[in-house]
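Down below is the structure, laid out as C-alpha cells.
Coordinate-derived values only; no laboratory data. Note that the coordinates shown come from a computational prediction; the quantities given were computed from them, not determined experimentally. Quick reminder, even Gly has a Cβ in these numbers, built from the backbone with ideal geometry, and neighbours come from all protein chains shown.
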Amino acid sequence: MDIDGADATAAGARALDDEDPLASLQARFDLPDEWYLDGNSLGPASDESVAALEHVIEEWRTLGIRGWTEGNPPWFWYGERLGGRVADLVGANGGEVVVGNSTTVNIHTLIGTFLDLADGTKVVVNELDFPTDHYAIRSQLRARGLDPADHLVVVESDDGRTISEDDIREAMDSNVAILFFPSVLYRSGQLFDLETLTKIAHEYGAFAGFDLAHSVGAVPHDLHAFDVDFAVWCHYKYVNAGPGAVAGLYVNERHHGVTPALAGWWGHDKETQFEMSLEYTPAQSAGAWQIGTIPLFAAAPLDGALSVLEEVGMDAIREKSVALTEYLIALCDERLAQRGVRVGSPRAPAKRGGHVALEHGRAYALGDALRERGYIVDVRPPNVVRVCPSPLYIGFHDVWSFVDAMADILDSESLENSEKRGVT
C-alpha cells in the first residue's frame, strides 16, 4: 500500500481505509476501546480465539479426562500441533517449534541448555533488553557458579534507543557461549537483522538465540534458513491469544535429542511417557523443552487466533503494518514535531517493528490524557509513548484521529507529571 503523498486529512485517511484489503478484519475483534493502540502489549480478543476457548471448555464439560485422547483435536498433542502451525510464522520446520511454558521459563531452560552445550561461558545481551531476559540469564549463570558481573556482557547504546551491529561484534570473543538478543527492542521498536546477528555469533563459535516477543505476528521470520539455534516468544501481543497465553519456542533440529536444562514430564518422549519411567527420555523435537502439562485454557485461544493470521498471511500483515507506521510517522512529523514530540523509532521500515516510539518530556501525563480520551497506549521510561497501529484491527483513520487528539491535548491541556507505570 503506497502512502507517499497521501492526503493528510481525515478524508484522506478514510480514502486509504477504503483501499485497504484488510479493513474488514476489524469487525472480528472485540476492541475494549474505540482506539486500541496497545496491541504490542496485549492484543484484543477475536471471534475465533473466543470460540476456540469455548470449544475446549465444552470438551472439559462433556469429556472430562477423555479429552486428552478424544478431544477434537486431542489435548495430549496440543502443544506439538500448535507448534507446527506457529512454525509457519517464524520460518521453521514443524518439529522445531512447540507451544508450552511461559516466555521467561523458556528463556531459563534454553539459556541453561545452551550454556551447558557451549565451550564458552559468556552471554552477550544489550542494555535496552526487556528486564526478564536479564533476570533469567543471570539466574542461569549463577546456577553454574558463574558471576554475572564477569560473564554477562551488556552491549551499550550510543543514543538510548538503538544498538548497532558494530557494537555487537565488538562485544564478541572466543569465550562467548551465547549471543541472546531481541528481534525488536521493546521501547524504540528497532528491528534487528537476525540473519546477520546469527552469522556474527557463529563466527565466534557461539550459539545464536533470540527473544521474538515483539515481532511474532507482526514481522515475517525465517529462523531455520538463517540457522538460528534457538528462540522464544509470547503469543499475547500481535498474535492476540489472550493474557497469559502459553508461549512458544524454537530449537534448530540439529540440537534435537539434547536433554534440556529444565527437564519436565511433558517434554518426555510422548510414545513412552505413560510408562512412567524415572529416567528422562527427551522427545526428539523441540517438544523436549516443554516442562509441565500444557495449560489448555491458556493454549486454546491461540488455536483460534492463528486462524486469522493464517487466513491473511504474514506478508500482507507486514505490508499494512509498515504502511500504518509510515503514515503515523509522517503525521507526527507534520503535526507533532513542532509541539515537542520526537519520533524515537528507526525511520527505515526495514529497521522498525510494528510499533512507534514517540518521545515527549511529559510522556506519562500525555499517556494519561490520551487514555482518558479513549486512545489506549502505554508509556515506558524515560519518556516514551508507545503507539501500536496493529494491522488486523487498526486503520488509517484511527491513526489520523490519534495524531489529531494528541495535537489537541498538547495545545489545550496542562500536562502534569505523572508517576504511573505500565504493567506489561
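The count of lysine pairs in the chain whose Cα atoms are under 25 Å apart, excluding pairs fewer than 8 places apart on the same chain, comes to 6. Computed from backbone phi with θ = phi - 60° and the Karplus coefficients 6.51, -1.76 and 1.60, the 3J(HN,Hα) list for the stretch 223-240 is 4, 5, 5, 7, 6, 4, 7, 7, 7, 9, 5, 10, 10, 9, 8, 5, 7, 6 Hz; x is used for glycine and proline. Counting other Cβ atoms within 10 Å, which trypsin sites (Lys or Arg not before Pro) in the stretch 337-391 have at most 13 and lie in a DSSP loop? Those satisfying the criteria are R347.
Under the simplified labelling scheme, the D193-W60 pair shows an inter-label distance of 4.7 nm, with each label point 7 Å from Cα along Cα→Cβ. Towards the positive end of the charge dipole of the stretch 51-310, with charges on Cβ (+1 Lys, Arg; -1 Asp, Glu), say which of T132, S164, I65 has the farthest Cα. Value: I65.
Between the residues Y250, N101, F192, the greatest Cα displacement towards the positive end of the dipole of the stretch 51-310, with unit charges on the Cβ of Lys, Arg, Asp and Glu, is found for N101. Short-range pairs are left out: with C-alpha atoms under 8 Å and at least six residues apart, the relative contact order of the stretch 51-310 is 24 percent.
Mind checking the dipole of the chain: about its Cα centre, +1 per Lys or Arg Cβ, -1 per Asp or Glu Cβ, Debye to the nearest 20? Walk me through the intermediate numbers first.
On the way: 32 positive and 66 negative charges, 181 e Å.
Dipole magnitude for the chain comes out near 860 debye.
If you take the Cα centroid of the stretch 192-257 and the Cα centroid of the stretch 120-178, the two points sit 17 Å apart. Note on A15/D150: beta-carbon distance plugged into 1/(1 + (r/R0)^6) with R0 of 41 Å gives a FRET efficiency of 0.10.
Taking only complete DSSP H runs, can you tell me which helices of the chain stretch 27 Å or more along their own long axis by Cα positions and average at least -0.5 on the Kyte-Doolittle scale?
On the way: long enough: 314-335 (31 Å, 0.05).
The answer, listed by residue number, is 314-335.
For the pair the stretch 1-73 / the stretch 354-409, the C-alpha centres are spaced 20 Å from each other.
For D166 and R339, FRET efficiency with R0 = 25 Å and r from the beta-carbon atoms, rounded to 0.05?
Details: r = 35 Å, r/R0 = 1.38.
Given R0 = 25 Å and the Cβ-Cβ separation, E is 0.15.
The GNM of the chain, with springs linking C-alpha atoms under 10 angstrom apart, assigns the highest mean-square fluctuation among A87, A247, A330 to A330.
When shorter helices are ignored and each DSSP H run of at least 4 residues is given -39500 (n - 2.57), the per-residue value for the chain at 222 nm works out to -12000 deg cm²/dmol. Could you tell me the calculated FRET efficiency between W68 and L278, based on Cβ-Cβ distance and R0 = 30 angstrom, to the nearest 0.05? Result of the calculation: an efficiency of 0.85.
Length gained on full extension, A51 to A27, computed as 0.36 nm times the residue gap minus the Cα-Cα distance: 7.1 nm. The slack in the chain from A350 to L117, taken as 0.36 nm per residue of separation less the alpha-carbon distance, amounts to 80.5 nm.
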